[in-house]
1. Within segment 81-90, identify whether any single residue is of a type in the set (Lys, Arg), over 18 Å from the mean Cα position of the chain (by Cα) and surrounded by fewer than 24 Cβ atoms within 10 Å (Cβ to Cβ), and answer yes or no.
2. Any idea how many residues of segment 233-264 are assigned to a helix (DSSP H, G or I) and surrounded by 19 or more Cβ atoms within 10 Å (Cβ to Cβ)?
3. Please specify each residue of segment 91-132 satisfying the condition of being crowded, with 20+ Cβ neighbours inside 10 Å, of a type in the set (Phe, Trp, Tyr) and assigned to a helix (DSSP H, G or I).
4. Only one of 212, 206 is under 21 Å from the mean Cα position of the chain (by Cα), assigned to a loop (DSSP other than H, G, I, E, B) and within 18 Å of residue 138 (Cβ to Cβ); which?
5. Can you tell which of 206, 158 is buried (at least 22 other Cβ atoms within 10 Å of the Cβ), in contact with a His (Cβ under 8 Å, 6 or more places away or on another chain), modelled with pLDDT of 95 or more and of a type in the set (A, V, I, L, M)?
6. Restricting segment 6-27 to residues that are within 7 Å of the ligand (Cβ to nearest atom) and under 18 Å from residue 118 (Cβ atoms), which is surrounded by the most Cβ atoms within 10 Å (Cβ to Cβ)?
7. Checking the structure you have, find out if any residue of segment 89-100 is modelled with pLDDT under 95 and of a type in the set (Phe, Trp, Tyr).
Amino acid sequence: MANFSANTPCTLCPRNCNIDRTRNVGYCGVGDGIKIARVGLHAWEEPCISYGKGSGTIFFSGCNMRCVFCQNCEISSYFGGKEISVETLADEILFLQNMGASNINFVTPTHYADKIVSALDLVKHKLVIPIVYNTSAYEKTESLKMLEGYVDIYLPDLKYFSPEVSKRYSGCEDYFENAISAIEEMVRQTGKPLIDEKGHMKKGTLVRHLVLPSLYKDGIDAFSNLVKRIDPTDVAVSVMCQYFPTHKAENYPEINRRITTLEYMKVVDFVRTLGFRYGFMQDRSSAKKDYVPIFDY
Ligand code: SF4
């Protein structure tokens, strides 16, 4: 069983650091408090998530993946942000709902899952919009079980298939096995995607994949192995092309460029053959630094 409470060694995610987060930090780089870097309406998620005034995003500091090409490295690896209490997190959730957010979107929440549950316990009875859990998918199934009944929409980013690839860019050989088991648990909790007549997602699991330069074959492998474990009608999918080289990408020549249209379309065309009912593509113009949010909390 994963460990969630303060003063006990943290095993909340597959890194299993086993450290006391009141005294030390583990791979995710943050202690026992809650640190957030941005609260605001966000227009750039998939249209089924960012409709109306936008998705109500809360960006958390730290990350249990720390990918070498992270576009949010300012907060994932350099830990920008401000410490807040569970009560303040609950207030921010209500603030976003009052601003007209289409949903509450927790971005990179894995290492705060227990705190998020505590905050939601304070405000759940006042919420009328869906809760979105926007994660790298490098999650433990038993930690996700804690979120059952709290999360309406899971947005797992299925990053890699090959253990060599996940080790090279994120330092974890066991990524795919953990991610696919996590997605199975997400689907068990949410059921099939529920997207209403206006195209607004109310419930379900939307699996994303960011196509990486030189690695479109790994993306194809990720999707072909996804459908070996998950019925394609049980999830929506989104193939993203917003990659641009940043953070430590210059040390990895094969990913130190944008992706080509050909690389992107090879993944998209393959995904189209798999029988997903709902799928999203991204405009190539989104591969710009301008689309990285400003972390100004
Ligand atoms: S949540 Fe952080 S400290 Fe806990 S196991 Fe994962 S990386 Fe380690």
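1. yes
2. Of the residues in segment 233-264, 5 are assigned to a helix (DSSP H, G or I) and surrounded by 19 or more Cβ atoms within 10 Å (Cβ to Cβ).
3. Correct list: 112 only.
4. Going through 212, 206 in turn, just one is under 21 Å from the mean Cα position of the chain (by Cα), assigned to a loop (DSSP other than H, G, I, E, B) and within 18 Å of residue 138 (Cβ to Cβ): 212.
5. Result of the check over 206, 158: 158.
6. This residue is 10.
7. No - not one qualifying residue is present in segment 89-100.
Results for (1) within 25 Å of residue 284 (Cβ to Cβ); (2) of a type in the set (Lys, Arg); (3) surrounded by fewer than 18 Cβ atoms within 10 Å (Cβ to Cβ); (4) within 16 Å of the ligand (Cβ to nearest atom), shown as yes or no for each residue.
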position	(1), (2), (3), (4)
33	no, no, yes, yes
45	yes, no, no, no
56	no, no, no, no
64	no, no, no, yes
68	yes, no, no, no
73	yes, no, no, no
76	yes, no, no, yes
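The values are calculated or read from the model by the stated rules, or taken from the named source; none is laboratory data. Computed from a prediction, not measured in an experiment: that's the story for all the values here. Here Cβ is always computed from backbone atoms with ideal geometry, including for glycine, and neighbour counts include all displayed protein chains.
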